[in-house]
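Note sheet for the following structure.
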Amino acid sequence: MAKKQEDLMQKIVSFCKRRGFIYPSSEIYGGFANSYSYGPYGTELKNNLKRLWWKKFVQDRVDMVGIDGPILLNPRLWEASGHTSGFNDTMVDCKGCKKRFRADHLIEAATSLDLEGDIARMAKALKEKKINCPECGQTNWTEPRNLNLMFTTTMNGVEGPVYLRPETAGAIFVDFKNVIDSMRVKIPFGIAQIGKAFRNEIVAGNFIFRLREFEQMEIEYFIDPEAKWEKLFDWWLKEEEEFALALGADKKDLRRFEHPKEKLSHYSRKTVDIEYNFPFGFSELYGLAHRGDFDLSQHAKASGQDLSYFDQINNRKYLPHVLEPTFGVDRSILVALCTAYHEEEVEGEIRTVLKFPPALAPVKIAVFPLLKNKAELVVKAKEIFDLLKDKYFCEFDDNGNVGKRYRRQDEIGTPYCVTIDFDTLEDKMVTVRDRDSMKQERVAVAELVNYFNNKFSN
Ligand code: GAP
């Protein structure tokens with residue numbers, strides 16, 4: 001990682017803890033396996049991000065419905081989908097320091113060879129290329145072996161292992177029949193879902209980039225198998241990019257990576273990742289895959305149920321094909337943080353400011369009485385707070401001088417601060433200060449809700 005970018009990552013990690021965005025989890029017990037908690041501001045940010053996604057992809061569209069399925073599903077689903085047999089990564093241990101690595105990542109970092117999925121070539125490369133352990137420098141490796149990434153648990157009354165879903169998609173496919181039977185959907189249409197997924201990653205890391213417990217926002221978009229899909233596929237890629245831009249990402253930091261034909265799963269016609277230039281380099285942010293009718297036909301076979309769709313207009317019955325746009329919530333949060341984080345020099349001092357798009361900002365408006373020991377100012381400020389909090393997530397702050405309060409709000413990305421001073425009591429106007437321009441203007445209290453409605457609708 002280049003020095004400047006490494007610094008940015010470290011700054012973001014410590015900033016997130018200090019300002020209540022993201023904490024290392026179980027910290028009082030010494031932490032736990034690279035897991036994180038979203039703190040109060042992080043939770044608001046995450047909720048705003050998911051709301052933005054849901055609005056764009058469900059609420060604003062007539063061809064999309066949403067569901068919220070369980071994490072624990074019938075284990076037969078994961079057999080049918082191929083996860084129990086094939087959802088593996090290859091691991092290798094250093095015999096010297098006992099540290100464990102993902103074999104393909106280790107080899108790629110040392111040689112630029114991408115051997116993902118090819119265990120024989122990985123074994124050969126580890127021997128022949130004399131790859132050093134990044135931890136202790138030795139070249140003494142165990143044989144690489146596959147590790148299934150699904151977490152298992154047990155359930156009362158159920159024989160054998162039960163899995164924590166490794167992707168949200170499975171819950172969508174098993175409810176496909178319920179959706180077509182209960183809703184008036186017509187192909188093409190999509191089913192969307194946001195929720196937790198779990199993967200027993202060999203190495204988690206890069207903050208919230210690779211977690212073992214994370215959230216996904218996924219869509220299964222069902223199409224006629226005879227339809228021309230190429231344009232639609234490209235359109236979905238643009239939608240994914242558009243969502244990343246709405247989080248604040250710069251166009252130049254986004255690129256597409258098409259999976260080479262020889263590496264595609266047998267059922268996939270095309271898979272493209274949207275990659276983002278994270279501080280540690282370009283890595284997968286979102287994905288889009290044409291999965292054919294693989295999932296529905298597998299589940300139809302394994303369950304014995306008819307999962308076909310009847311097209312009334314054309315009097316045809318078929319198993320729909322599927323385009324699957326998939327988005328990681330935590331990686332989206334990391335993009336929003338990396339792009340929003342700025343340090344600027346203002347009057348000889350460094351101000352840290354998160355320039356979030358307003359829709360993402362955890363706090364939309366902060367309300368300050370100029371002085372906390374003047375009851376008339378505090379009462380008026382509380383009135384203004386009550387006026388605004390109904391529609392906007394607001395924070396009341398009367399601690400320290402106003403300059404310091406501005407800095408605190410800049411740090412967490414609050415787009416506007418409202419100050420109530422002695423003039424307010426006479427002229428019924430308040431000072432509104434803009435986070436990015438730092439400009440201030442007087443606005444009539446009677447106009448304040450309208451003023452913010454206009455600001456936040458832009
Ligand atoms: N249903 C398709 C699917 O799950 P994927 O590429 O394995 O595809 C989709 O995952 C998205 O989920 C990724 O693009 C990424 O944003 C997110 N994701 C996957 N593994 C993750 C992990 N270990 N930690 C955080 N996010 C992850």
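The values are calculated or read from the model by the stated rules, or taken from the named source; none is laboratory data. The structure displayed is predicted, hence computed values, not measured ones. As a convention, Cβ positions derive from the backbone with ideal geometry for all residues, glycine included, and neighbour counts pool all protein chains shown. Side chains are part of the model used for accessible areas, which takes the heavy atoms of the whole protein and leaves out ligands, DNA and RNA. Shrake-Rupley method; radii C 1.70, N 1.55, O 1.52, S 1.80 Å.
Report whether or not residue 166 is within 15 Å of the ligand (Cβ to nearest atom) and open to solvent by less than 50 Å² (accessible area, probe 1.4 Å).
yes
Suppose the filter is away from the ligand (no atom under 15 Å from the Cβ), under 25 Å from residue 46 (Cβ atoms) and not charged (D, E, K, R); does residue 205 pass it?
The answer is no for residue 205.
Among (1) within 10 Å of the ligand (Cβ to nearest atom); (2) basic (Lys, Arg); (3) without any contact (Cβ under 8 Å) to a residue 60 or more places away in the chain, which single condition is residue 252 missing?
Going through (1) within 10 Å of the ligand (Cβ to nearest atom); (2) basic (Lys, Arg); (3) without any contact (Cβ under 8 Å) to a residue 60 or more places away in the chain one by one, residue 252 breaks only (1).
Could you give me the residue pairs with C-beta distances under 8 Å whose first residue belongs to region 322-340 and is closer than 21 Å to residue 415 by Cβ, whose second residue is within 12 Å of the ligand (Cβ to nearest atom) and hydroxyl-bearing (Ser, Thr, Tyr) wherever it lies, and which are 6+ apart or on separate chains?
From region 322-340, the pairs are 335/276.
Against the condition small (Gly, Ala, Ser), in the same structural domain as residue 291 (by TED's automatic domain parsing) and in contact with a Ser or Thr (Cβ under 6 Å, 6 or more places away or on another chain), how does residue 197 come out, does it pass?
yes
Would you check if there is a residue in region 315-330 being more than 22 Å from residue 174 (Cβ to Cβ), more than 16 Å from the ligand (Cβ to nearest atom) and either touching a strand residue (DSSP E or B) at 6+ places or on another chain (Cβ under 7 Å) or of a type outside the set (Phe, Trp, Tyr) (or both)?
The answer is yes; a qualifying residue exists.
Which one of these does residue 212 not meet: (1) farther than 18 Å from residue 337 by Cα; (2) under 14 Å from the mean Cα position of the chain (by Cα); (3) near the ligand (Cβ under 10 Å from one of its atoms); (4) open to solvent by less than 30 Å² (accessible area, probe 1.4 Å)?
(4)
If you go through region 177-201 one residue at a time, how many are open to solvent by less than 40 Å² (accessible area, probe 1.4 Å) and either within 12 Å of the ligand (Cβ to nearest atom) or within 16 Å of residue 76 (Cα to Cα) (or both)?
6
To keep it simple, each residue is scored yes or no on (1) within 19 Å of residue 40 (Cα to Cα); (2) crowded, with 18+ Cβ neighbours inside 10 Å.
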| residue | (1), (2) |
| --- | --- |
| 384 | no, yes |
| 390 | yes, no |
| 393 | yes, no |
| 414 | yes, yes |
| 433 | no, yes |
| 449 | no, no |
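Condition first: without any contact (Cβ under 8 Å) to a residue 40 or more places away in the chain and more than 14 Å from the ligand (Cβ to nearest atom). Now tell me which residues in region 271-291 satisfy that.
277
Would you kindly identify the helices (runs of 4 or more DSSP H) lying entirely within region 20-100 that contain at least 3 residues that are open to solvent by less than 40 Å² (accessible area, probe 1.4 Å)?
Those helices (runs of 4 or more DSSP H) span 40-54, 75-80.
For residue 270, only one of the following conditions fails: (1) under 30 Å from residue 84 (Cβ atoms); (2) of a type in the set (D, E, K, R); (3) within 22 Å of the chain's Cα centre (by Cα). What is its number?
(3)
Condition (residue is under 20 Å from residue 109 (Cβ atoms), touching an Asp or Glu at 6+ places or on another chain (Cβ under 9 Å) and of a type outside the set (Gly, Ala, Ser)) applied to region 266-273: is it met by at least one residue?
Taking every residue of region 266-273 in turn, at least one turns out to be under 20 Å from residue 109 (Cβ atoms), touching an Asp or Glu at 6+ places or on another chain (Cβ under 9 Å) and of a type outside the set (Gly, Ala, Ser).
Only one of 363, 329, 346 is under 30 Å from residue 244 (Cβ atoms) and modelled with pLDDT under 95; which?
346
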